[in-house]
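For reference, the structure discussed in these notes is given below.
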Amino acid sequence: MASNGTSRKISTATKRKLPRPFAFYWGGGNIVEEVSIKTGDEGDSAEPTIQLLEYKDGTEQLRFCVYHKTRFTRMPLLLSKEEIKALSKEVRGQSRIRKMLEILVK
């Protein structure tokens, strides 16, 4: 929901190239799977995103993040029930992300 209590428009998100690199001070690797949706209007949109990070040593982690327009942001991922449902539909096509999320809800 938007801050005024109304629902935000949900649509198809930007498809970013995969794999693509990431780097933290403790290690790096590639983003190998990603699901996202676009919320809001074109001028003020956000893209709630779940990424599967695969480190160079083979370790995998999920990152829950947000893109604003086309830029990665360092803000928490906040989701309405409608946005969770839309993101859930996107997750169905990504087997590795889906398997990790199944562990979360067991």
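Coordinate-derived values only; no laboratory data. Computed from a prediction, not measured in an experiment: that's the story for all the values here. Positions of Cβ are generated from backbone atoms using ideal geometry, with glycine treated the same way; all protein chains shown enter the neighbour counts.
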Checklist entry - Treating the beta-carbon of each Lys and Arg as +1 and of each Asp and Glu as -1, no other charges, what is the dipole magnitude of the chain about its Cα centre, to the nearest 20 debye? => result 140
Checklist entry - If you work out Kirkwood radius over Cα pairs in Å from the coordinates, which of (1) 14.5; (2) 25.7; (3) 15.9 do you get? => result (1)
Checklist entry - What ³J(HN,Hα) values, in whole Hz, does the Karplus curve 6.51 cos²θ - 1.76 cosθ + 1.60 give for region 18-34 when θ = phi - 60°, with x put for Gly and Pro? => result 10, x, 9, x, 9, 8, 10, 5, 9, x, x, x, 10, 7, 10, 9, 7
Item to check | Listed residue pairs exceeding 21 Å between alpha carbons, taken from 9/89; 17/106; 15/85; 56/85; 9/85; 17/85 | outcome: 17/106; 56/85; 17/85
Checklist entry - Can you list the chymotrypsin sites (Phe, Trp or Tyr not before Pro) in region 12-102 that are in a DSSP coil and have 16 or fewer other beta carbons within 10 angstrom? => result 25, 26
Checklist outcome for this item: With the 8 Å Cα cutoff and a minimum separation of six or more residues, region 10-105 has a relative contact order in percent of 23
Checklist entry - For the chain, what is the mean residue ellipticity at 222 nm derived from helices alone (per DSSP H run of n ≥ 4: -39500 (n - 2.57); sum divided by total residues; nearest 500 deg cm²/dmol)? => result -6500 deg cm²/dmol
Item to check | Which of 22, 91, 78, positive extreme of dipole for the chain (C-beta unit charges) | outcome: 91
Checklist outcome for this item: The ³J(HN,Hα) series, computed from each phi in region 65-82 with the Karplus coefficients 6.51, -1.76 and 1.60 at θ = phi - 60°, rounded to the nearest Hz and given as x for glycine or proline, is 8, 9, 9, 10, 6, 10, 10, 5, 10, 9, 10, x, 7, 10, 10, 7, 4, 5
Item to check | Note, ³J(HN,Hα) from phi for region 91-106, Karplus 6.51, -1.76, 1.60, rounded to Hz, x at Gly and Pro | outcome: 5, 4, x, 10, 5, 6, 5, 4, 4, 5, 5, 4, 4, 4, 9, 5
